[in-house]
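The values are calculated or read from the model by the stated rules, or taken from the named source; none is laboratory data. Model, not experiment: these values are computed from the prediction. Here Cβ is always computed from backbone atoms with ideal geometry, including for glycine, and neighbour counts include all displayed protein chains. When the accessible area is computed, the model is the full protein with side chains, heavy atoms only, and any ligands, DNA or RNA have been set aside. Shrake-Rupley method; radii C 1.70, N 1.55, O 1.52, S 1.80 Å.
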Amino acid sequence: MLTNLLPTLTATPLLAVGLTLAAYLVGSAVFIRLGKPSWLPAILIAALLLAAILALLGLPYATYQQGATWLTVLLGPATVALGMPLYQQLPRIRELWRPLAACLPIAAALAACYALGIAWLLGASPDILASIAAKSVTAPIAIGITEQLGGNVALLMGSLLVTGVLTIPFVSLAARLLRINDERIIGFALGLNGHAIGTVRAFDISPTAGAFASLGMSLTGIFTALLLPLAWRLVGIGAG
């Protein structure tokens, strides 16, 4: 009977939006109950729960995505709103602008190159390479880059999730091994490599870490959006 009701329920965005919000609320509750483990962020729990619900309902992803577009529209304003903590931490950001400016191009380039290099060595097609090239960029910018390169947005979203989830434990591990305790550096690394997911984790650490994560995420997005399409055409990965 539920199957018969699906066409009616999916006629409006309410089902997709409701399922998404419910999955995130449950994921957040489970995340807190588990003690906020770095290896299992709330967004991953929510994504797995949502995927299970869609499978049980027999709801095609394309249908769900069409209804969830309303939430995707909010990604842009949410990213812009991160400018407030940046403004609040502006004096501290000015103190480190030279080292940040020096490491950003290198780190942002490596974030794209190592994934592309591994995928290319494994025999990935140009379409897959185009879909994962912007995996370390926040979603609103990454979607535009991927469409410009001719990649698959659905595959991009998967790579964004995997990248963000893996960034958190790897940055934590690297900070411990290198004995880095500066919240500004940790936050910047989380935002630069883990986009919005890493930034959320940074705000769990402190407002300062969150502000530097917002800075890293924003600058990586701008740098990648300006240079990646140009480098893509020069290298000619998608040619032919």
*Say whether the condition of being in contact (Cβ under 8 Å) with a residue 40 or more places away in the chain and in contact with an Asp or Glu (Cβ under 9 Å, 6 or more places away or on another chain) is met by at least one residue in the range 143-151.*
yes
*Please go through the range 70-90 and pick out each residue that is among the hydroxyl-bearing types (Ser, Thr, Tyr) and open to solvent by less than 50 Å² (accessible area, probe 1.4 Å).*
THR79
*asked:* Being among the β-branched types (Val, Ile, Thr), in a loop (DSSP other than H, G, I, E, B), farther than 22 Å from ALA202 by Cβ and in contact (Cβ under 8 Å) with a residue 24 or more places away in the chain is true for just one of THR69, THR12. Which residue is that?
replied: THR12
_Sole residue being surrounded by fewer than 20 Cβ atoms within 10 Å (Cβ to Cβ) and touching a Phe, Trp or Tyr at 6+ places or on another chain (Cβ under 8 Å), chosen from ILE106, ILE118, ILE93, ILE128_ = ILE93
*Would you confirm whether any residue within the range 206-213 is in a helix (DSSP H, G or I), over 19 Å from TYR87 (Cα atoms) and modelled with pLDDT of 90 or more?*
no
*Wholly enclosed helices (runs of 4 or more DSSP H) of the range 75-146 bearing at least 2 residues under 16 Å from ALA209 (Cα atoms) and not hydroxyl-bearing (Ser, Thr, Tyr)*: 83-88, 90-95, 97-121
*What do you reckon, is LEU5 surrounded by 12 or more Cβ atoms within 10 Å (Cβ to Cβ) and either at pLDDT below 90 or more than 17 Å from the chain's Cα centre (by Cα) (or both)?*
no
_Can you tell me which condition ILE237 does not meet? The list is (1) modelled with pLDDT under 90; (2) within 25 Å of ALA102 (Cβ to Cβ), and all the others hold._
(2)
_The listed residue being open to solvent by less than 50 Å² (accessible area, probe 1.4 Å) and more than 18 Å from ARG98 (Cβ to Cβ), out of GLY187, GLY216, GLY210_ = GLY210
